[in-house]
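Novice: Please see the structure below; I have some questions.
Each value in this text was obtained by applying a stated rule to the coordinates, not by laboratory testing. Everything numeric here is computed off the predicted structure, so don't read it as measured data. Reconstructed Cβ throughout: ideal geometry from the backbone, glycine too, with neighbour counts over all protein chains shown.
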């Protein structure tokens, strides 16, 4: 009897004790806590102390919580934290249905990792899986107890992947209100969203105002529309349409029109690219660059190298490849911006090129190849016509010992013309010339041990080479002249060169080997055996058989330091005829500098420099300039200062051109919105 009584008392005690500190509902919701009790009548779990609830990839922690089993209704209070992926929600109290994702939040703060969005409010309603309604709320993309900027709103509806829509909004810098907006729409998305961007302002052709609108057409298409107001020029409309379509098709189209009230005319430009892989062996591409008048870029472009261009070129080509052949059809249209009329500008449409790559003749050391081109030259005024350019070539290859390789070739260059539109009437012309050549080269290499950081080996390759080329002299004055292919340069020349390569072998952190090109250096010259050297540009260079000494170099010994050089030195006049050189350096903190020099005798002589300094964080300073030694003045200079915080930045840009009005632009950026306007300082 005593034994039975003891069993009954033990059973009662067990029933009165709380459940184990872990439980799982029939729906797969897991609960852990310091203590868990279950009310069978209410079908409710009650957890206290270090509560943790896991469901559908989300985790809720709190000081205390309840979960009603029949409808998955959960309540939590005290240091509530809900985590799903990298997103978090902190609150004093939460009432949430785990199935419908609907609920109430008291004193909540939502953080969305991608985009760094912070949203908070005294009262928050979760109206859907990704939807919130907030009263007396704030949102920002800045971190910190007092963010650099924020918006407040009396009512705020937020949909992740879409927008935050607020009423009676106030924009704050720190804790200071600076702007009131009765209504605001702000993108809260990990993907692109349509909407207005805040206008950019400045001084360019008078007062400048640009209002952009960004439109998402589909996941693979978007377009930015913008309106320009330039008080000294007019009002312009532009667009930037970008797309990526099926079958490897992608491109961009940028039309722009402005009514220039100074000239009382519509002016504009059209730029665009499109490329498409129609099959693994068939490829199409087109590039558009056109303008309505020849002075457009001079008046409206702010990019160096564009406003002083002479020609605009638009092309379209279709290329088909086979294993041993290739066919390309190309159309080119040129606009001469220096000519009063484009009627005399020579156009190439179409130009068809067919190439047969070198193919071995049976089992012999001989290879045969074939190059051909058909071009139709057209213009409104002047000589027009077609040209066939054909050249079969037979090449012999030989290995002469371990390091020597040699080759010799014989070809025949045939050009056939049919022209019309000249004062002398239509004509048919042709000329064939033999092309003979030979080459002998050697390759020497050596590998050196290195102990330079992660670099373990350096390979040095030296390649001396001697070439011979011959084409007889033939008077070509009777042939039409469309381009320099119509005036082939006779040659009886020996050329010699020596090329050096340096390659480094590195060990990555996981122990795999990586290779990098460290340096390239080549020096070359030619000698005309006939003592009279002819050149397309120089025409005749009597008694000077040696060509200029050409030096080419590309050095990347250090990861953030590079040097490029391409120069030609005249040994008779003991001076450089051309020089193109540049050096650039950068560090891991965003500082960089570069200088380049361009010289061509009687043509170009200018120095270009650029500098970015970010030592005075959060300020970054940019400078770029071009100086002409011919005119003894700066062609242009660009000064910019960027003040950048994690969640916002502002860029001030001053552009100085010697022949145009100076311009000043302001670009302001809020993280999550993007650049306000299309200002591009560098």
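Novice: Would you list 82, 529, 666 from fewest to most Cβ contacts within 10 Å?
Specialist: On the way: 82 22, 529 13, 666 16.
Exposure proxy ranking, most exposed first: 529, 666, 82.
Novice: Run the numbers for residue 109 and residue 570: contour at 0.36 nm per residue of separation, minus the present Cα-Cα distance, in nm. Provide the component values of the computation, followed by the final result.
Specialist: Numbers: separation 461, 0.36 × 461 = 165.96 nm, distance 7.30 nm.
Extending this stretch completely gives an extra 158.7 nm.
Novice: Please give the contour-minus-distance gain from residue 292 to residue 323: 0.36 nm per residue of separation, less the Cα-Cα distance, rounded to one decimal in nm.
Specialist: Details: separation 31, 0.36 × 31 = 11.16 nm, distance 4.31 nm.
Separation in residues times 0.36 nm, less the Cα-Cα distance, equals 6.8 nm.
Novice: Once both labels are modelled 7 Å past Cα along the beta-carbon direction, what's the residue 99-residue 429 spacing in nm?
Specialist: Label-label distance for residue 99 and residue 429, simple model: 8.9 nm.
Novice: Continuing with the same structure: Take residue 216 and residue 616, extend 7 Å from each Cα along the Cα→Cβ direction, and tell me the distance between the two endpoints in nm.
Specialist: Simple spin-label model gives 3.9 nm for this pair.
Novice: Could you state the angle between the C-alpha long axis of helix 2-16 and the longest principal axis of the C-alpha atoms of the chain, as a value from 0 to 90 degrees rounded to the nearest 10?
Specialist: Approximately 50 degrees, to the nearest 10.
Novice: Give the distance, in whole Å, between the Cα centre of the range 340-369 and the Cα centre of the range 160-182.
Specialist: Using only Cα atoms, the two centres lie 63 Å from each other.
Novice: Residues of the range 105-140 with amide nitrogen under 11 Å from the 7 Å Cα-to-Cβ point of residue 154?
Specialist: 136
Novice: Any chance you could check the Cα centroid distance between the range 207-236 and the range 401-442 for me, in angstrom?
Specialist: Using only Cα atoms, the two centres lie 52 Å from each other.
Novice: Label the range 222-340 by shape, choosing from rounded, prolate and oblate, from the square roots a ≥ b ≥ c of the eigenvalues of the Cα gyration tensor; if a/c is under 1.5 it is rounded, and otherwise prolate applies when a/b is larger than b/c, oblate when it is not. Each step should come with its number before you reach the end.
Specialist: Values: a/c = 3.72, a/b = 1.83, b/c = 2.03.
In terms of gyration-tensor shape, oblate.
Novice: Rounded, prolate or oblate for the chain? Axes are the square roots of the Cα gyration tensor eigenvalues, ordered a ≥ b ≥ c, and the cut-off for rounded is a/c under 1.5. Display every interim value, and only then the final one.
Specialist: Values: a/c = 2.55, a/b = 1.91, b/c = 1.33.
Taking the square roots of the gyration eigenvalues as a ≥ b ≥ c, the chain is prolate.
Novice: Which of rounded, prolate, oblate describes the range 22-188, given a ≥ b ≥ c as roots of the alpha-carbon gyration tensor eigenvalues and a/c under 1.5 marking rounded, otherwise prolate only if a/b is larger than b/c?
Specialist: It is prolate, given that a/c is not under 1.5 and a/b is the larger ratio.
Novice: Further, regarding this structure: So how far, in whole Å, is the C-alpha centre of the range 549-622 from the one of the range 98-117?
Specialist: Centre-to-centre (Cα) distance: 53 Å.
Novice: I need two numbers for the range 487-527: Rg to one decimal and Dmax as a whole number, Cα atoms only, in Å.
Specialist: Computed over the Cα atoms of the range 487-527, radius of gyration and Dmax are 18.8, 57 Å.
Novice: Please work out how much length the chain gains when fully extended from residue 372 to residue 559, using 0.36 nm per residue of separation minus the C-alpha to C-alpha distance, in nm with one decimal.
Specialist: Working: separation 187, 0.36 × 187 = 67.32 nm, distance 4.33 nm.
Extra length available between residue 372 and residue 559 comes to 63.0 nm.
Novice: A further question on this structure: At what distance in nm do the modelled label points of residue 508 and residue 338 sit from each other, each positioned 7 Å from its Cα along Cα→Cβ?
Specialist: Roughly 5.0 nm, to one decimal.
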